[in-house]
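Notes for the one structure printed next.
The values are calculated or read from the model by the stated rules, or taken from the named source; none is laboratory data. On a predicted model such as this, the values are computed, not experimentally measured, just so you know. Because the Cβ atoms are built from the backbone with ideal geometry, glycine has one as well, and the counts that use them run over all protein chains shown.
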Amino acid sequence: MCGIFGYIGERKNAGSIVIRGLKNLEYRGYDSWGIAMRLLDGSMRMAKDIGKIGAVDDKDFAQPCSLAIAHSRWATHGGVTRDNAHPHFSCDGRIAVVHNGIIENFEELRSELESKGHTFASQTDTEIIPHLVEELLKQKGMTLAEAVRSACKRFMGRFAILVLDRQLMSLVAARTGSPLIVGVGDGECFIASDIPAFLEYTRTVEYLDDGEMVTVEGGKIRFQNIQTGEEREKRLVTIDWTVADTGKGEYEHYMLKEIMDQKETIQRAVHQDDEHILQVAKSIETCLGCILSACGTAGKVCMAADYFFSVVAKRHVNFVTASEFPIYHHFLKPESLIIVVSQSGETADVLEAMKVAKQSGSKVLAIVNTEGSSIARAADYTLLINAGPERAVASTKAATGQMAVLLLIAHAVAGKLNAGRTLLLETGGLINDMLNPRYIEHIEGIAKKICKHDNMYIIGKGWNYPMALESAIKIQEVSYIHAEGFAAGELKHGPIALIEEGTPCVALLGNDEFTSDILSNIMELKARGALIIAVSPVRHTAFDLWIKVPDAASAQPIVNIIPIQILAYLLAVLRGKDPDMPRNLAKSVTVK
Ligand code: M6R
């Protein structure tokens with residue numbers, strides 16, 4: 001949450017660079033924005049406001065400047081106001097700071113600083129940082145880097161910060177918990193929460209590890225451990241994302257573009273090294289207890305994987321929501337295997353779950369989309385889903401890519417790796433055929449019929465049950481319709497009381513052993529007046545509206561979620577909502 005981006009180098013348009021780059025991080029938070037620029041004449045220019053960074057013109061920040069920091073906020077401490085927008089400044093206006101994360105002990109530090117005469121202009125936890133740095137700089141011989149290091153040693157919580165000193169041509173950054181990546185160019189450096197901020201300029205990066213800081217000055221980049229001050233050597237890594245991967249292409253919204261990317265991403269997900277997959281399969285077979293953990297959509301993917309392992313591999317694995325995972329620490333052993341799944345690779349609850357797993361000596365496999373992310377680097381083993389950057393807040397192609405990798409692993413555990421790969425490659429082809437304009441128009445017709453409803457329900461059985469839950473997340477988060485997913489058999493135990501004449505109910509079906517049961521549940525809904533919208537390979541008379549999907553055997557949940565992603569997208573558009581940046585949300589949830 002929150003995007004931060006800083007530039008230092010030889011270019012003279014640092015202000016425009018950071019504003020433009022920050023627009024590429026807007027998915028991280030978009031309630032307010034701000035910038036601090038050290039102009040070439042040594043003065044500081046600051047601007048901040050509430051609203052989206054997307055609406056800001058980078059040309060307004062084209063004054064000669066080679067050092068700038070900027071921020072796009074997702075509010076935690078302090079409401080969405082101009083005063084609370086970052087950057088925050090020291091009393092003398094010399095130090096500017098942007099921050100992602102939460103300083104948990106800020107109240108205590110704020111009282112201490114107030115007692116020393118500092119005055120505060122916001123309600124944020126962040127503002128203690130420039131004041132504390134200012135205070136430390138009063139000590140004789142203290143450098144900016146040392147002051148930032150000493151300040152960081154006092155912070156509790158998670159943070160990624162960029163610090164600019166009006167008096168110096170240097171940029172200092174530090175992280176604990178929240179992500180920061182250094183983009184290395186020729187005579188210039190970019191420091192950002194995420195790679196898309198600087199992809200236009202460089203694909204060469206150095207990763208800042210947890211508990212590290214970096215100082216860029218005089219063309220040199222110096223990494224240090226925050227606690228000890230010890231210098232760290234870093235490896236330059238070339239990332240394979242391109243600027244084109246991060247754009248909207250021909251589409252109006254990222255969400256639609258990413259839905260359409262699924263024509264290719266299933267094939268890309270199964271492009272895995274056989275040896276590696278077989279090793280993972282062996283670990284699952286030999287471990288004493290395998291637990292899947294993730295949040296949100298990735299969590300629903302893990303629930304689907306429970307069924308994959310059970311049905312395809314006859315192997316029991318458990319899913320535990322990452323935010324609840326620490327409660328289960330009693331059951332973790334050095335022989336346990338924890339599989340975490342995350343698109344961003346930065347989700348705080350997942351990182352916390354991994355910490356708990358590691359404390360018990362358990363091994364962790366991470367299935368992620370973002371190479372070099374905190375989760376990827378903290379895991380013992382990593383598998384990438386190769387979906388390319390996902391920028392819409394609603395996860396689409398990452399979810400199906402994650403399911404593809406997990407289904408492939410389940411087949412490998414069953415000793416059927418090749419059959420699994422063939423199934424998934426064929427499924428990718430079926431999805432490619434499915435995603436055509438006529439198909440989308442058909443779903444649009446259905447969206448038009450139901451877009452004015454306030455409530456809708458989604459049911460599924462077997463591996464379509466987690467997809468019913470995932471459908472509800474998709475519809476809620478982008479269209480703001482109250483949507484709920486249920487195991488079809490649970491309806492009669494309570495939820496059926498919600499059904500009224502015309503209530504839209506979506507049923508997810510396959511061509512499998514669950515069909516006759518769910519058809520009975522559909523009849524129960526229909527008898528109470530529900531409008532039945534079925535996603536199914538086969539038509540039944542009970543359906544009022546039918547969205548045909550290909551028959552994809554155990555890959556059915558991958559196929560079935562796609563028309564729902566389209567439906568959610570169209571409902572959002574028809575209701576006048578921005579599907580890429582839903583209210584109250586951020587793409588990467590780096591706070592607990
Ligand atoms: O980056 P992650 O996959 O770890 O994110 C997990 C959830 O925050 C994410 O899936 C969220 O639920 C999406 N907005 C759903 O579309």
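Evaluated against (1) touching a residue at least 24 places away in the same chain (Cβ under 8 Å); (2) closer than 30 Å to residue 57 by Cα, residue 119 falls short on exactly one condition, (2).
Right, residue 92: of a type outside the set (A, V, I, L, M), surrounded by fewer than 14 Cβ atoms within 10 Å (Cβ to Cβ) and within 18 Å of residue 147 (Cα to Cα) or not? Spelling it out, residue 92 is indeed of a type outside the set (A, V, I, L, M), surrounded by fewer than 14 Cβ atoms within 10 Å (Cβ to Cβ) and within 18 Å of residue 147 (Cα to Cα). Among the residues of segment 400-457, the one identified as in the same structural domain as residue 504 (by TED's automatic domain parsing), in a loop (DSSP other than H, G, I, E, B) and basic (Lys, Arg) is 452.
Among residues of segment 342-354 that are modelled with pLDDT of 95 or more, those with a Cβ under 9 angstrom from a residue that is near the ligand (Cβ under 6 Å from one of its atoms) and assigned to a helix (DSSP H, G or I), sequence gap 6+ or separate chain, pair up as 342/298; 342/350; 343/297; 343/298; 350/298. Looking across segment 339-353, the residues that are near the ligand (Cβ under 6 Å from one of its atoms) and within 10 Å of the chain's Cα centre (by Cα) come down to 342, 343, 344, 347. Answer yes if at least one residue in segment 437-453 is in contact with a Phe, Trp or Tyr (Cβ under 6 Å, 6 or more places away or on another chain) and farther than 25 Å from residue 250 by Cα, and no otherwise. Taking every residue of segment 437-453 in turn, none turns out to be in contact with a Phe, Trp or Tyr (Cβ under 6 Å, 6 or more places away or on another chain) and farther than 25 Å from residue 250 by Cα.
Here's the yes/no breakdown for (1) in the same structural domain as residue 164 (by TED's automatic domain parsing); (2) under 25 Å from residue 19 (Cα atoms); (3) among the charged types (D, E, K, R):
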site	(1), (2), (3)
81	yes, yes, no
95	yes, yes, no
119	yes, no, no
127	yes, yes, yes
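Scan segment 483-504 for residues that are touching a Leu at 6+ places or on another chain (Cβ under 9 Å) and at positive phi and the total you get is 1. Residue 90 meets each of the listed conditions (1) modelled with pLDDT of 95 or more; (2) touching a Ser or Thr at 6+ places or on another chain (Cβ under 9 Å); (3) not charged (D, E, K, R) apart from (2). Here residue 365 fulfils each of the conditions (1) closer than 15 Å to residue 302 by Cα; (2) assigned to a loop (DSSP other than H, G, I, E, B) apart from (2). Candidates are the residues of segment 458-490 that are in a helix (DSSP H, G or I) and among the hydrophobic types (A, V, I, L, M, F, W, C); the one that is surrounded by the most Cβ atoms within 10 Å (Cβ to Cβ) is 467. Here 131, 71 are screened, and the one residue that is more than 19 Å from residue 25 (Cα to Cα) and touching a residue at least 40 places away in the same chain (Cβ under 8 Å) is 131. Comparison of 392, 404, 398 shows that the only residue that is within 11 Å of the ligand (Cβ to nearest atom), more than 14 Å from residue 295 (Cα to Cα) and buried (at least 23 other Cβ atoms within 10 Å of the Cβ) is 392. Taken as a whole, the condition of being modelled with pLDDT under 95, under 25 Å from the mean Cα position of the chain (by Cα) and not basic (Lys, Arg) applies to residue 591. Of the helices (runs of 4 or more DSSP H) lying entirely inside segment 170-277, those carrying at least 2 residues that are surrounded by 19 or more Cβ atoms within 10 Å (Cβ to Cβ) are 254-260, 262-269. Looking at this structure, is residue 465 more than 12 Å from the ligand (Cβ to nearest atom) and in contact with a strand residue (DSSP E or B) (Cβ under 9 Å, 6 or more places away or on another chain)? Criteria met by residue 465.
Looking at segment 293-315, is at least one residue part of a loop (DSSP other than H, G, I, E, B) and more than 16 Å from the ligand (Cβ to nearest atom)? Yes, some residue in segment 293-315 is part of a loop (DSSP other than H, G, I, E, B) and more than 16 Å from the ligand (Cβ to nearest atom).
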